[in-house]
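The values are calculated or read from the model by the stated rules, or taken from the named source; none is laboratory data. Everything numeric in this text was worked out from a predicted model, so none of it was measured. Methodologically, a virtual Cβ is constructed for each residue, glycine included, from the backbone with ideal geometry; neighbour enumeration extends over all protein chains shown. Accessible surface areas use protein heavy atoms only, side chains included; no ligands, DNA or RNA. Shrake-Rupley method; radii C 1.70, N 1.55, O 1.52, S 1.80 Å.
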Amino acid sequence: MEKLTKPIVFESKSIQSKITLIFLHGLGDTGHGWSQEWLHFHMNHPYIKIVLPTASKMPVTLNNGVVMTAWHDIVSLTSIDNEDFKGIQQSVETIHKLISQEIENGTPSESIILGGFSQGAALSLFAGLQYEKKLGGIIGLSGYLPLHQKFKQLLHKENTDTPILLCHGEADKVVRIEFGKKSFDILRGLGLKVEWHTFPKMPHSTCKTELQLVNDFILKLK
């Protein structure tokens with residue numbers, strides 16, 4: 001893995017309310033890819049700090065070893081939630097460090113939301129639910145749960161009551177909806193507080209209705 005580049009940050013314009021959203025992009029993307037969406041949100045809710053990190057670059061097996069931004073290696077889309085996830089532990093450490101930095105800067109852990117799209121959603125679930133302090137929430141858009149077979153042993157007790165929002169497009173041909181649904185079923189089976197929303201005809205993307213659900217979920221921390 002190459003060194004992580006500096007995240008895009010939209011700073012909070014309030015000294016009274018400390019809420020931070022850390023949002024993780026998908027495979028081959030960067031923090032810039034989500035910057036316009038979250039800049040618009042930040043303009044409407046300037047008291048919320050937004051952090052958009054960019055993954056390190058690595059060879060991705062799925063794409064014939066081409067080097068690109070990735071939170072972990074992917075071998076095949078047909079087994080996307082059932083691989084060895086090379087590189088994911090280093091990404092977990094990176095995200096945990098970002099969360100810890102926010103806490104050191106004065107934001108309570110329960111006022112930090114971790115979210116992401118696709119591979120970023122996978123890392124948000126995987127890293128967020130293993131963090132040692134309770135988070136304010138976790139958002140997973142069009143994602144999956146890595147290493148789901150042993151996730152019960154990985155889940156940290158501090159995040160067993162953390163609200164989770166999972167959303168998926170029914171027409172997703174990249175990360176098929178069955179992977180998102182399996183993630184929901186596993187997390188619900190562990191007794192976690194998880195919501196599941198699907199969107200007809202939506203491919204591996206987002207839509208206005210989904211983004212409104214995300215906004216509402218974040219604003220519950222007000």
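Computed over protein heavy atoms with a 1.4 Å probe, the accessible surface of segment 112-222 works out to 42 Å² per residue. For the chain, the longest principal axis of the alpha carbon atoms and the long axis of helix 177-189 meet at an angle near 60°.
Just subtract the alpha-carbon distance of residue 40 and residue 97 from 0.36 nm times their residue separation and send over the number in nm, one decimal. Numbers along the way, then the final one.
Numbers: separation 57, 0.36 × 57 = 20.52 nm, distance 2.63 nm.
Stretched out fully, the residue 40 to residue 97 stretch lengthens by 17.9 nm.
Before anything else, pin down the relative contact order of segment 21-123: Cα pairs under 8 Å, at least 6 apart, normalised by residue count, whole percent.
Numbers: 151 pairs, mean separation 35.9, N = 103.
Relative contact order, segment 21-123: 35 percent.
Considering only alpha-carbon pairs that sit under 8 angstrom and 6 or more positions apart, the relative contact order computed for the chain is 16 percent.
Gain in length, residue 208 to residue 170, computed as 0.36 nm per residue apart minus the alpha-carbon separation, to one decimal in nm?
Working: separation 38, 0.36 × 38 = 13.68 nm, distance 1.51 nm.
Extra length available between residue 208 and residue 170 comes to 12.2 nm.
Working from label points 7 Å from Cα in the Cα-to-Cβ sense, the residue 181 to residue 75 distance is 2.5 nm.
In segment 11-115, what percent of the accessible surface is made up of carbon and sulfur (1.4 Å probe, ligands and nucleic acids excluded)?
Values: 2410 of 4810 Å².
That share works out to 50 percent.
(i) 21.5; (ii) 17.2; (iii) 18.1: which one is Kirkwood radius over Cα pairs in Å as calculated from this entry? Among (i) 21.5; (ii) 17.2; (iii) 18.1, the one derived from this structure is (ii).
Near residue 142, once Lys and Arg are set to +1 and Asp and Glu to -1 for all other residues with Cβ below 13 Å from its Cβ, the sum equals -3. Every helix of 4 or more DSSP H residues in the chain counts as -39500 (n - 2.57), and over all residues that averages to -9000 deg cm²/dmol at 222 nm. For segment 41-50, putting each phi into the Karplus relation 6.51 cos²θ - 1.76 cosθ + 1.60 with θ = phi - 60° gives couplings of 4, 5, 5, 7, 9, x, 7, 9, 7, 10 Hz, in residue order, rounded to whole numbers and with x for Gly and Pro.
Here the relative contact order of segment 140-222, from alpha carbon pairs under 8 Å that lie six or more residues apart, stands at 35 percent.
Between segment 201-218 and segment 68-133, the C-alpha centres lie 20 angstrom from each other. Inter-label distance, residue 215 to residue 193: 2.3 nm, where each label sits 7 Å from its Cα along the C-beta direction. Straight-line cross-link reach from residue 181 at under 17 Å between alpha-carbon atoms covers these aspartates and glutamates, not counting any fewer than eight positions away in the same chain: 81, 170, 172, 195, 210. Could you give the angle, 0 to 90 degrees to the nearest 10, between helix 119-128's Cα long axis and the longest principal axis of the Cα atoms of the chain? Relative to the chain, helix 119-128 is tipped by roughly 60 degrees. Hydrodynamic analysis of segment 60-144 uses the Kirkwood radius over alpha carbon pairs. Inserted into Stokes-Einstein at 25 °C and 0.890 mPa s, it gives a translational diffusion coefficient of 182 µm²/s. In this structure the amide hydrogen of residue 19, modeled in the peptide plane, comes within under 5 Å of the amide hydrogens of 49, none closer than 5 places in sequence on its chain.
For each pair in 57/193; 157/222; 57/220, compute the distance between the two Cα atoms and list the pairs where it is over 26 Å. As for pairs spanning more than 26 Å Cα to Cα, those are 57/193; 57/220. When 207, 167 are compared by accessible surface with a 1.4 Å probe, the order from highest to lowest is 207, 167.
Counting only Cα atoms, segment 35-79 measures 42, 21, 14 Å along its principal axes, largest extent leading.
Measuring nothing but protein heavy atoms, the accessible surface of segment 130-176 at 1.4 Å probe radius is 48 percent carbon and sulfur.
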